[in-house]
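Input: a single structure, listed below in structure tokens.
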Amino acid sequence: MKKVLFFAACLLAIVACDNGKKSAELPQTAVRDSLQKVIDQKDNEINDMMGILNEVEEGFRQINEAEKRVSVVKAGEGASRQQQVRENMQFIQQRMAENRELIAKLRNQVKNGTIKSEQLQQTIENLTKQLEEKDHQIKDLYAQLEAKDIHIEELDRTVSTLNKNVNTLQDDNAKKTNTINAQDKQLNTGWYVFGTKKELKEQNILVDGKVLQSNFNKSYFTKVDIRSLKALKLYSKSAKLLTTHPSSSYKLERNAQKQYVLYITNPQIFWSTSKYLVVQVK
């Protein structure tokens, strides 16, 4: 703005000097009309030039503000950040193009107009130089944004790859967990049955005094999680384990009704020799 005021004063001084020369050369009777025409013409030229100078200065101010916004926004994240940067850079390019046209217009007016001034010429050169410097700054800003965008793309690819790896790992873990659970369930699955000698023979569980030696009926057994089976009511006053289980891992005791109950005191040891439990009752 100081530049604009300074050059306004210069332009007014030019008008005053020219007016003095004209008034000395023309006859007194023609001075008024001639002088008025010159004043009007120069006023119009000055107003146009002042308007252009103000527009150029305002253009550079807006460009500087937009550059600051880009510098702030580019440090953010997400699609909205990129959109804001894109909009600000488009605005900067538009204002640069407008300033370029205004400076060219100002140069043309000085060249073809009646106002000649070295100071005005110097102002135009300074504005042109400022425009070129701003061009370089914007190119550097584009380079920074490009580098930033490349970094973001690489980061996005890295995050995408990591997400895929995590998903794959989760799937693998889920599969492994399912496998482990299935294996664990299998390892901790047992089958038990209790019945009379006749019933056990009918199901080929007991054949010729031997247990589980033939093609016995597995569906006759009850499936159980061996970790949770602590007591098995046999509903009989006579009970005998036909399958082999360490004696230290269980107890056969009568309840109040004098019926036997099998208490498994150490499941791990009890089922270590066989996952099948066969008890003969009467």
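The values are calculated or read from the model by the stated rules, or taken from the named source; none is laboratory data. Bear in mind the structure is a predicted one, so any value in this text is a computation, not a measurement. Neighbour counts run over all protein chains shown; Cβ positions are idealised from the backbone, glycine included. Areas reflect the complete protein model, heavy atoms only, side chains present, ligands, DNA and RNA absent. Shrake-Rupley method; radii C 1.70, N 1.55, O 1.52, S 1.80 Å.
Under the simplified labelling scheme, the T128-Q186 pair shows an inter-label distance of 8.7 nm, with each label point 7 Å from Cα along Cα→Cβ.
Proximity of backbone amide H atoms, modeled 1.01 Å from N, is registered between V207 and L212, Q213 at under 5 Å, excluding neighbours fewer than 5 places apart on the same chain. Put a dot 7 Å past the Cα of E253, heading toward its Cβ, do the same for D208, and the two dots end up 4.0 nm apart. Spin-label model, E146 to T179: label points 7 Å out along the Cα-to-beta-carbon direction sit 4.9 nm apart. Computed with a 1.4 Å probe over protein heavy atoms only, the accessible surface of the stretch 197-273 comes to 66 Å² per residue. Extension gain, Y235 to Q119: 0.36 nm times the residue separation minus the Cα-Cα distance gives 29.8 nm.
What's the FRET efficiency of R100 with S80 using the Cβ-Cβ distance as r and R₀ = 25 Å, to the nearest 0.05?
Computed FRET efficiency for R100 and S80: 0.25.
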